[in-house]
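Notes to accompany the following structure.
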Amino acid sequence: MHIGLIGGIGPAATEFYYRGLVAAHAVHTEGMDDPPPMDLTIVHAEARDLIRNFNEGRPREQADIFARLIDRMKGAGAEMAAVTSMGGHFCIDELRAVSPLPLVDAIPVLDADLAKRGLRRVGLLGTRRVMATGVYGGLTSVEWVSPPGDELEAVHADYVAMAVPGRVTEDQRAHMFRAGKALCDDQGAEAVILAGTDLFLAFDGRDCGFPVIDAAEVHIAEIYRLLMSDAA
């Protein structure tokens, strides 16, 4: 299976997806004399377009941008497409209606994964809309909680501030850790969902003091499964 990735939103998230897929392929093909190829194409979307359309509530406009990029990947031989951004999924329904290719939608993949884990209540960190809507209304297998009051806006602001340049400050990391711990201690979350792809910048390789599930890693695992689904 040849899968196309919409990258660039932001650059660190794109690298995270690519690195995750390459690592999975290395593990999957270890010891093979003639390993199957990983057919993958990546195109660049502008983060500024996504942020503007996200903030202005223009999902159809963003879907049209993504659809043009997917058409380019289809021309390169891609058979399915995925958006390497949880924030970018704000237009996933509109994109599905106009996409030239089937989509590997992260939202039902994440919901199914949470159901398999047997969790009852999770916390959410990510963009404002992801946290306020339970990942655009897609989390149906669990109860979910988000930072209360002004803290939701503060988490959103720090998330965007790290996602656009693709780097995190120690203050931003500490804030995300405090917000996640409060979701567990004050609101009873059994685990915190990193529902913003760039959150790996703050959490990857760190002991934050509470259980986390990276939505991007769940998505990457499903993309890789599909990539290799027709391998001999």
Around residue 222 (Cβ within 14 Å, Cβ-to-Cβ, excluding residue 222; K/R +1, D/E -1) the net charge comes to -3
Residue 204 paired with residue 132, simple spin-label distance in nm, labels 7 Å along Cα-to-beta-carbon: 2.9 nm
The FRET efficiency for residue 169 and residue 52, from their Cβ-Cβ distance with R0 = 25 Å and rounded to 0.05, is 0.55
Want the number for residue 64 to residue 76: 0.36 nm per residue separation, take away the alpha-carbon distance, what's left? 2.4 nm
Along the dipole axis of the chain (charges at Cβ: +1 for Lys and Arg, -1 for Asp and Glu; origin at the Cα centre), the most positive-end residue among 104, 67, 83 is 67
Non-local residues with an amide H under 5 Å from the amide H of residue 145, with H modelled 1.01 Å from N and Pro and chain starts lacking one, are 122, 123, 124
Between residue 140 and residue 226, what is 0.36 nm times their sequence separation minus the Cα-Cα distance? Round to one decimal in nm. 28.6 nm
Relative contact order (%) - criterion: Cα under 8 Å, at least six apart; region: the range 106-232: 30 percent
Please get the size of the charge dipole for the range 1-157, origin at its Cα centre, with Cβ charges of +1 on Lys and Arg and -1 on Asp and Glu, quoted in debye to the nearest 20. 320 debye
Can you tell me how the range 91-139 classifies by the Cα gyration tensor, rounded, prolate or oblate, using a/c under 1.5 as the rounded cut? oblate
Largest fluctuation, 178, 60, 129 only, Gaussian network model of the chain with Cα springs under 10 angstrom, belongs to 178
Radius 14 Å from Cβ of residue 153, net charge of other residues (Lys, Arg +1; Asp, Glu -1): -1
At R0 = 41 Å, how high is the FRET efficiency between residue 30 and residue 98 if r is their beta carbon distance? Nearest 0.05 is fine. 0.55
Taking the range 78-192, how much of its Cα-Cα pair set, in percent, is spaced more than 18 angstrom apart? 55 percent
Determine the principal axes of the Cα atoms in the chain, then give the extent along each, sorted from largest to smallest and rounded to whole angstroms. 50, 43, 33
Using 0.36 nm times the number of residues separating residue 187 and residue 151, minus their current alpha carbon distance, what extension gain do you get? 11.6 nm
Proximal charge balance of residue 126 [Cβ under 12 Å; K/R count +1, D/E count -1]: -1
Relative contact order of the range 73-174 (C-alpha contacts under 8 Å, at least 6 apart) in percent is 21 percent
In the Gaussian network model of the chain, springs joining C-alpha atoms below 10 Å, which of 142, 164, 130 carries the largest mean-square fluctuation? 142
Using only Cα atoms, find the angle between the long axis of helix 11-28 and the longest principal axis of the chain, and express it within 0 to 90 degrees, rounded to the nearest 10. 60 degrees
Classify the range 30-133: rounded, prolate or oblate, from the alpha-carbon gyration tensor (a ≥ b ≥ c, eigenvalue square roots; a/c under 1.5 rounded; otherwise prolate if a/b is larger than b/c)? oblate
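Each reported figure results from applying straightforward, stated rules to the coordinates on display, with no laboratory input. Here the structure is a predicted model, which is why all the values come from computation and not from measurement. Glycine gets a Cβ as well: all are built from the backbone with ideal geometry, and neighbour counts include every protein chain shown.
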